[in-house]
Amino acid sequence: MTNSFSELTFNTRAFRNPDIVTSLVKQINQLADGVAESLGRPVQIMEVCGGHTHAIFHSGIDQLLNENIEFIHGPGCPVCVLPAQAIDKATWVAQQADTILATFGDVLRVPGAKGSLQQIQAQGADIRILYSPLDVTQLAFDNPTKKIVFFAIGFDTTMPSIALTIQSAKQQHIQNLKFLCYHIRLMPTLTTLLDTGEAELDGFIGPGHVSIVLGSECYQPIAAKYHKPLVIAGFEPIDVLQALHMLLLQLSQQRCEIENAYSRVVSKQGNVLVQQTMNEVFKNSELNWRGLGNVANSVGSLQPEYAQFDGSLVAPQSSPCECDDSKYCADVLIGKRKPNQCPLFGRSCTPESPLGALMVSSEGACAAYYKYKQIPFNESQPEYSEDA
Ligand code: SF4
């Protein structure tokens, strides 16, 4: 693994330095022109993480780059890929007597087949928003006559804190607490995306936060098996530009490597102690995610030693959701369509009245387009059809 842009050393103030931005943009555009010419089309770069999608639009990076670079928005938003059945399960739990459902705020407005958690809350269900997973043990102590269920979602990034909370609950012999876990594992998700071949991708901007946990080495199959370069990036404008520059340099030199432009926090091996804790509490299982379908080893489910905390055993299995939005959202999630190529975008689907999770989540691609790009539905695109 190399870091081919090591000549630039950054300090905090330099992350938005206009001179560095100007210089990087010029170099990136030149490289993109050359690579696009050899490809016969624009270079297609997927930013895996929804945080990067928002960083790109928030800082206007997309407007600085020329037409030979196209961003394909990836599935790296845990709320967005959450299957509607998961919402339905949480909804069912929240409606049970003497039950408190605890969760993170983002997921509250995501529609399921029978409405959102927010709608259930308005009808009287006791749903609490937590800011730290460890708060749920206190909630259980404070409400000994209630059943507390923590609806926990996230990528590998949030798994460690949930794993520690579950271990802590076990050590404290907490009896009235369960966890409904939907933690999506990044690597199986990425390889499934590449296996589908739905989006034509030339390289990846790798996620920053997940990489802090997993380390940069875990991405080697992306280069070795799928022959795609990947550069891990931070979330400041220059972080993203540096990663793009490194990617385009690789493509122009016909290299295909895993590189790290976020080495101030991401190491090769990641946080090994945290990985051990995750593996003690979770095992990998298969789940059907929105847009991605069934993905083997993609969800962290509880190990048998922690079965007493498994909230998935409490709720009945719900049938697949026939939500109208699922096809549109699915295509955006796998990079097949841009948000403004969904006919519902900005019309019936807005942040105030979302029809899909991608318009709800703070990391959703549709929310990013609506907030920063303020562009209407793309009328010039071909008519949307199931075969498209
Ligand atoms: S605009 Fe709404 S319905 Fe369309 S893809 Fe985005 S979230 Fe889904």
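Readers should treat all values here as calculations from the given coordinates under stated rules, not as data from a laboratory. The structure presented is a predicted model; accordingly, all values stated were derived computationally and were not measured. As a convention, Cβ positions derive from the backbone with ideal geometry for all residues, glycine included, and neighbour counts pool all protein chains shown.
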- Message: Report the gain in length on full extension from Asp142 to Glu37: 0.36 nm times residue separation, minus Cα-Cα distance, nm rounded to one decimal.
- Response: 31.4 nm
- Task: With only Lys, Arg, Asp and Glu charged, each at its Cβ (+1 for the first two, -1 for the last two), find how big the charge dipole of the chain is about the Cα centre; round to the nearest 20 debye.
- Result: 720
- Message: Using 0.36 nm times the number of residues separating Thr350 and Asn288, minus their current alpha carbon distance, what extension gain do you get?
- Response: 19.7 nm
- Message: For the ranges 68-77, 170-179, what's the packing order if you count other beta-carbon atoms within 10 Å of each residue, average per peptide, and put the highest first?
- Response: 68-77, 170-179
- If you average the sequence gap of Cα pairs under 8 Å that are 6 or more apart and divide by the length of the chain, what percent do you get for the contact order? 22
- When the helices in the chain are scored as -39500 (n - 2.57) per DSSP H run of 4 or longer and the sum is shared across all residues, what 222 nm value do you end up with, to the nearest 500 deg cm²/dmol? -10500 deg cm²/dmol
- Message: Cross-link candidates for Lys373: which lysines have Cα within less than 29 Å, leaving aside residues fewer than 8 places away along the same chain?
- Response: Lys26, Lys228, Lys327, Lys336, Lys338
- Over segment 4-127, what is the relative contact order in whole percent, taking alpha-carbon pairs under 8 Å and six or more residues apart? 19
- What number comes out for the charge environment of Leu117, summing +1 per Lys or Arg and -1 per Asp or Glu over other residues with Cβ under 14 Å away? +1
- Label-point separation (nm) for Gln96 and Ser132, each offset 7 Å from Cα along Cα-to-Cβ? 2.8
- Query: How far apart, in nm, are the 7 Å Cα→Cβ label points at Lys336 and Ala113?
  - Reply: 2.2
- Item | Of all DSSP beta bridges in the chain, antiparallel share, percent nearest 5 | 20
- Straight distance only, please: which lysines reach the Cα of Lys170 with their own Cα at less than 26 Å, same-chain residues fewer than 8 apart left out? Lys89, Lys146, Lys147, Lys178, Lys283
- Where in segment 267-292 does the amide nitrogen come within less than 17 Å of the point 7 Å from the Cα of Asp195, taken along Cα to Cβ? 284-292
- Contour excess over end-to-end distance, with Cα ends at Gln27 and Gln253 and 0.36 nm allotted per residue: 79.9 nm
- Note on the structure: Each label sits 7 Å from Cα toward the beta-carbon; between Ser168 and Asp62 the label points are separated, in nm, by 3.9
